[in-house]
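The values are calculated or read from the model by the stated rules, or taken from the named source; none is laboratory data. The model shown is predicted, which means the values in this text are computed figures rather than measured ones. Counting neighbours? That spans all protein chains shown, and the Cβs are built from the backbone with ideal geometry, glycine included.
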C-alpha cells in the first residue's frame, strides 16, 4: 500500500515538466482556436476602428488595413500573432487604439479584489455550514439553502441585495465608490452560488469521510464534533473539492461580468463585455488567452496542493 | 416496513410533483399567456407608471406603466424556447459526440475526451459568453451560444453511459450474432443511454434558461421592449430605489424555474437509476 502511494507521488513529480508542457499546449490551443474563430467573424475590422458610419474612401481603408497587417495572408497574420504572444504582446485594441495588455492590466486590480473577497466569503460560508449542519433537520434546511443559492441568478441576487442593504437599510453604498464598503455587496453576490456548490461537495465529502473507521477512533478519544470536523473529516472533504477549483475560478470569472454590470463597477468583466458588444477582436482574444493562462496555472497549483492537503499521497497515514 | 417505505416515497415525491406542477403552469403561460392575464405586455400607460403590486397588477407596473406580471408571463415563451431549444440541440449533438467517442479506437476517444474535459472545466455561462464573443450578439446567437455551452456535459455522460451499456450482455449477444457496429449503436446503445441523459436534460433546461436570461441581462440577446426575463431585470435595475418589484419578481420566477427543473431532474435520476423514488 505504502509503496504504491509513493510510486503515485513520484509519478506526479516526474510529470511536472509534462504538466508545464501541457499548460503551454492549452494556452496555444486557446489562442489558436480563438484566432481561427475570430477570423471567421463577419464584418470589417476597419468599421470597428473608424465606426460603421465613418465615410472614408476605399484607399484610406486599404492603408488602415496595411498599417494593421490585415492585408497580409492569414497564415502570416497568425504567425505574427503567435510571435507577439510569446513576447507577452497581446496586440492593440481596434477601438481604443492602445495595447490590449495595458487595457487589461489597468482593470485587473478591481476584478481580482472582487474575486478574492468573494472566494474568501464563499469558503467561510461553506466551511461554516459544514460545521453547523449536524442534525437531520439542519441538514435538510442547509440543502434547501444550497439549492436556492445555486439556483438564483447572480444578477438577480445582486439587485435584491442592493434593494435591501443599499436602498432599504442604507448599510452599504449603492454604486462603486472605490472603498472596501462598496466591495461587500458585490463580493457576497458573487460568493453565494460558489458557496452553494462548495458546500454541496463539502457535505458529500464529509459524509463519505464520516463513514470511515478512523472516525470511531477519534470519537472514542473524546474529541468534540468540531475538532473531529476541523482536524479530520474536513481535510478529507477538502481533498475532494480541490478538483472543483478550476470550475470555481471560472464561475467567479464569468460571474464577475454580471456582478460588475449589476453594481456598475469597473473591471475586467466590463472590459470583456464592451469588447464583445463592440466587436473589438484583439481585446476579446487577449481575454481568452488570459483566461487560458489563469486556468492552466490554477490547475497546476491544484495538483501540487492536493499532495499537501492529502498527506497519504506523500507520507504513510498516521492519525494521532 | 412497507408502511414506512410508502410514507418516505410519498415525502420524496412531493417536491417533484410541486416542481412538475410549476413547470406545467409555466408551459401553459408560454403557450397561452392570455389565459392568465388580460394585460398587454407592451401596452404603455404613463399615468400608471411605477405602481406598487396590487390586485390589478400582481407584480406592479414598470416605468412605462406596463404590467410586469403580464410581461413575465409573455416572457416565459422566450425563456422556454431558449431552455428547451438549447437543451435539445445540446442533447442531440452531445449524444452523437459522446457515443462516437466511446465507439472510437483509443486515440480518437482520448482526443475527444480530453477536449470535452478541458471545455467542461469552464462554467456554462463563461462558455456562452465566449461563444457570443465569437459569433456576435443577437437573438439567435443566444440560443446557439447556450446550446454550445451546455453541450460538453451531455457528451461526457453519453460517452460514459455508452461504455457502460456496451459491456452489457445483450450487446455482446448482438455482436456475437453478427449485428453491424452502426446498427448496434443506433438500435441498442443509444436508446439505453437516453434515460440518465433525459434526467440530466431536465436539470439542464433550468441552467440554460438562467444562462440565456443572464446573457440578455447583459444586452447580448433580444432588444427592449421585448418581454424577456433578463431584459426586464436589466430595465428594473435603473428603478430599484423607487420600484423594487420590476426586478425582483422576474428574478424570483427564474429562480423558481431553476429550482423546479433541479428537483424534477433529481427525481428522474433516481427513477432512471432503477431505484424507487
- Task: For region A:192-207, state whether one or more residues are modelled with pLDDT of 90 or more and away from chain B (no Cβ under 14 Å).
- Result: yes
- Message: If the requirement is being within 14 Å of another protein chain (Cβ to nearest Cβ), under 26 Å from residue B:92 (Cα atoms) and assigned to a helix (DSSP H, G or I), which of these qualifies: B:207, B:193?
- Response: B:207
- Task: Considering only region B:244-257, state which residues are part of a helix (DSSP H, G or I) and without any contact (Cβ under 8 Å) to a residue 24 or more places away in the chain.
- Result: B:247, B:248, B:251, B:252, B:255
- Among the numbered criteria (1) more than 30 Å from residue B:161 (Cβ to Cβ); (2) surrounded by fewer than 17 Cβ atoms within 10 Å (Cβ to Cβ); (3) more than 11 Å from chain A (Cβ to nearest Cβ), which single criterion is violated by residue B:252? (3)
- Item | All positions within region B:7-60 that are loosely packed, with under 11 Cβ neighbours inside 10 Å and closer than 15 Å to residue B:76 by Cα | B:35
- Matching entry among A:95, A:61, A:39, A:87 (being within 23 Å of residue B:118 (Cβ to Cβ) and either away from chain B (no Cβ under 14 Å) or in contact with a helix residue (DSSP H, G or I) (Cβ under 9 Å, 6 or more places away or on another chain) (or both)): A:39
- Which helices (runs of 4 or more DSSP H) does region B:122-181 wholly contain that include 2 or more residues that are touching a helix residue (DSSP H, G or I) at 6+ places or on another chain (Cβ under 7 Å), under 19 Å from residue B:201 (Cα atoms) and more than 14 Å from chain A (Cβ to nearest Cβ)? B:139-166
- Item | Leading residue by the ranking (surrounded by the most Cβ atoms within 10 Å (Cβ to Cβ)) among those in region A:135-169 that are over 22 Å from residue B:261 (Cβ atoms) and away from chain B (no Cβ under 11 Å) | A:165
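Table: residues versus (1) within 11 Å of chain A (Cβ to nearest Cβ); (2) in contact (Cβ under 8 Å) with a residue 60 or more places away in the chain; (3) assigned to a helix (DSSP H, G or I); (4) crowded, with 24+ Cβ neighbours inside 10 Å.
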site	(1), (2), (3), (4)
B:183	no, no, yes, no
B:216	yes, yes, yes, yes
B:224	no, no, no, no
B:242	yes, yes, no, no
B:266	yes, yes, yes, no
- Given the conditions (1) more than 26 Å from residue B:38 (Cβ to Cβ); (2) at pLDDT below 90; (3) crowded, with 18+ Cβ neighbours inside 10 Å, report the number of the one that residue B:107 does not fulfil. (3)
- Note on the structure: Counting only residues in region A:266-284 that are over 23 Å from residue A:32 (Cβ atoms) and more than 17 Å from the chain's Cα centre (by Cα), the one farthest from the other protein chains (Cβ to nearest Cβ) is identified as A:266
- Note on the structure: If we keep only residues of region B:97-121 that are more than 14 Å from chain A (Cβ to nearest Cβ) and not in a helix (DSSP H, G or I), then the residue nearest to residue B:193 (Cα to Cα) is B:104
- Query: more than 14 Å from every other protein chain (Cβ to nearest Cβ), crowded, with 19+ Cβ neighbours inside 10 Å, at pLDDT below 90 and in contact with a helix residue (DSSP H, G or I) (Cβ under 8 Å, 6 or more places away or on another chain) - does that describe any residue in region B:84-96?
  - Reply: yes
- Taking the condition under 24 Å from residue A:82 (Cα atoms) and facing chain B (nearest Cβ under 9 Å), does residue A:287 pass? yes
- Message: Checking residue A:11 against (1) at pLDDT 75 or above; (2) under 30 Å from residue B:119 (Cα atoms); (3) not in a loop (DSSP other than H, G, I, E, B), only one condition comes out false. Which one?
- Response: (1)
- In this structure, does residue B:72 turn out to be modelled with pLDDT of 90 or more, part of a helix (DSSP H, G or I), touching a helix residue (DSSP H, G or I) at 6+ places or on another chain (Cβ under 8 Å) and surrounded by fewer than 17 Cβ atoms within 10 Å (Cβ to Cβ)? no
